[in-house]
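K.L.:
The structure follows.
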Amino acid sequence: MENFNQIESTILDKIEKISDRNTFDTAKTEIFGKKGIVTELFKKIGSLDQNYKKEYASKLNSLKTKITEILEKKLNDLGQSEINKKLKNEKVDVTLPGRSYYSGKIHPVSQVIDEVTSIFSEIGFSVEEGPDIENEYYNFSALNTPKDHPARDMHDTFYLDQSKDLLLRTHTSPVQIRTMLKSKPPFKIIAPGRTYRCDSDQTHSPMFHQLEGLHIDKNINMGHLKGCLYYFVKKFFEVEKVKIRFRPSHFPFTEPSAEVDIGYKIENGKIKVGEGDKWLEVLGCGMVHPNVLKNAKVNPNKYQGYAFGVGLDRLAMLKYGINDLRAFFESDIRWLEFYGFDPLDVPTNYRGLSR
Ligand code: PHE
């Protein structure tokens, strides 16, 4: 017969040495695992002599019960001491200041692009895009802009190579050509994007944003252009009455061409669009020149239409009362915090918590 007392004290020794979860698991395996001390003792029962089988089994069972209880208590104690240790190490200091909540802001230009895109999409314009790096052909030649035109001068245009073929687009008008070459008329598109000119002062930045509009179909005339722009200005500035002035102008790619001014006045130091007797230029437009249609593989005897180009930064300045264009691109987080917009998906109760 096994000496159960001795076995028990060997096991209790092991349990004594347990100091954490790891040593607990090892000890438990050594006792109750597949080849554990107690497991091995159970395996023997089958081969025992009838005479003391019963006594053996009952001693073994009470040993098992005792050890199981001791192990359970040990595990419990270990858990408690781990919790105590954690509590000691991770004290919460309720007197510390709270963490502030930082939420990003939408830049006014992005906001205006969103607004403008949704206004035009309501009347059937779809959105097109073109590359910032253009070639000479799409930016000038295809747009009927002759070789000696002042816009081609180095003072106005950022050329990217000696041959003057690659340049940073000076307007979004090359998207007109790209769109028309890509498919067949009719076309009714807008194209927002970055544009570049060698220019920098309070109202000019070397990089700025434009929105191109192009509507080509069989019976499009200047009346449609006026109607479209009235609709746009009213919607954008959220006013019922608008004063718009079409001033004769010149662009090589439109004939006739016009510049559009909108009426405004200053009231209590704030700009009010749609009333008053001051005028502000906001866009260039006109009927697309037949040469441009030809270059874009559209038959000018069958199709005609209008195009316009709006300065988006200027629209943002006007609508949101921002007076220095350069601040738009200085990446000053305090400026964005003030002039930026809350993203739509941020619950309003977070607003007060942003910096
Ligand atoms: N591309 C012109 C500019 O940048 C604007 C314009 C676009 C004029 C379309 C007429 C038609 O000034």
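K.L.:
Could you grab the pairs with beta carbons closer than 8 Å, sequence gap of 6+ or different chains, first residue in region 233-255 and among the acidic types (Asp, Glu), second one assigned to a helix (DSSP H, G or I) and within 16 Å of the ligand (Cβ to nearest atom)?
P.N.:
255/290
K.L.:
Further, regarding this structure: Name the single residue that is nearest to residue 173 (Cα to Cα) among those in region 291-302 being more than 14 Å from the ligand (Cβ to nearest atom) and surrounded by fewer than 21 Cβ atoms within 10 Å (Cβ to Cβ).
P.N.:
Selected residue: 295.
K.L.:
All but one of (1) loosely packed, with under 15 Cβ neighbours inside 10 Å; (2) at pLDDT 90 or above; (3) of a type in the set (A, V, I, L, M) hold for residue 119, so report the exception by its number.
P.N.:
Going through (1) loosely packed, with under 15 Cβ neighbours inside 10 Å; (2) at pLDDT 90 or above; (3) of a type in the set (A, V, I, L, M) one by one, residue 119 breaks only (1).
K.L.:
Would you list the helices (runs of 4 or more DSSP H) that sit entirely within region 95-185 and hold 1 or more residues that are touching a residue at least 60 places away in the same chain (Cβ under 8 Å)? If you could, list the steps in order and put the result at the bottom.
P.N.:
Working: elements: 108-121, 136-139, 174-182.
Per the criteria, 108-121, 174-182.
K.L.:
From the list 45, 31, which residue is in contact with a Leu (Cβ under 8 Å, 6 or more places away or on another chain) and modelled with pLDDT of 90 or more?
P.N.:
31
K.L.:
In addition: If you go through region 202-224 one residue at a time, do you hit one that is part of a loop (DSSP other than H, G, I, E, B) and within 12 Å of the ligand (Cβ to nearest atom)?
P.N.:
No; the residues of region 202-224 include none that is part of a loop (DSSP other than H, G, I, E, B) and within 12 Å of the ligand (Cβ to nearest atom).
K.L.:
Name the single residue, out of those in region 237-282 being within 10 Å of the ligand (Cβ to nearest atom) and not in a strand (DSSP E or B), that is surrounded by the fewest Cβ atoms within 10 Å (Cβ to Cβ).
P.N.:
So, considering only residues that are within 10 Å of the ligand (Cβ to nearest atom) and not in a strand (DSSP E or B), the one surrounded by the fewest Cβ atoms within 10 Å (Cβ to Cβ) is 252.
K.L.:
On to the next question. Note down all Cβ pairs under 8 Å where the first residue falls in region 3-31 and is in the same structural domain as residue 68 (by TED's automatic domain parsing), the second is at pLDDT 90 or above and of a type in the set (S, T, N, Q), and they're at least six residues apart or on different chains.
P.N.:
Short answer, once both residue conditions are applied: 17/23.
K.L.:
Let me ask another. Only one of 286, 305 is assigned to a strand (DSSP E or B), of a type outside the set (A, V, I, L, M, F, W, C), touching a Ser or Thr at 6+ places or on another chain (Cβ under 8 Å) and assigned by TED's automatic domain parsing to the domain that holds residue 203. Can you tell me which?
P.N.:
Working: 305 fails: touching a Ser or Thr at 6+ places or on another chain (Cβ under 8 Å).
Step by step, each of 286, 305 is checked, and only 286 is assigned to a strand (DSSP E or B), of a type outside the set (A, V, I, L, M, F, W, C), touching a Ser or Thr at 6+ places or on another chain (Cβ under 8 Å) and assigned by TED's automatic domain parsing to the domain that holds residue 203.
K.L.:
While we're here: What's the number of the condition residue 200 fails, among (1) within 26 Å of residue 121 (Cβ to Cβ); (2) in contact (Cβ under 8 Å) with a residue 60 or more places away in the chain; (3) surrounded by fewer than 18 Cβ atoms within 10 Å (Cβ to Cβ)?
P.N.:
Exception for residue 200: condition (1).
K.L.:
Further question on the same structure: Can you give me the number of residues within region 121-168 that are more than 13 Å from the ligand (Cβ to nearest atom), over 30 Å from residue 188 (Cβ atoms), over 34 Å from the mean Cα position of the chain (by Cα) and not basic (Lys, Arg)?
P.N.:
Adding up the residues that qualify gives 6.
The values are calculated or read from the model by the stated rules, or taken from the named source; none is laboratory data. Values in this document were obtained by computation on a predicted structure and should not be read as measured data. So basically every Cβ, Gly included, is an ideal-geometry build from the backbone, and we count neighbours across all protein chains shown.
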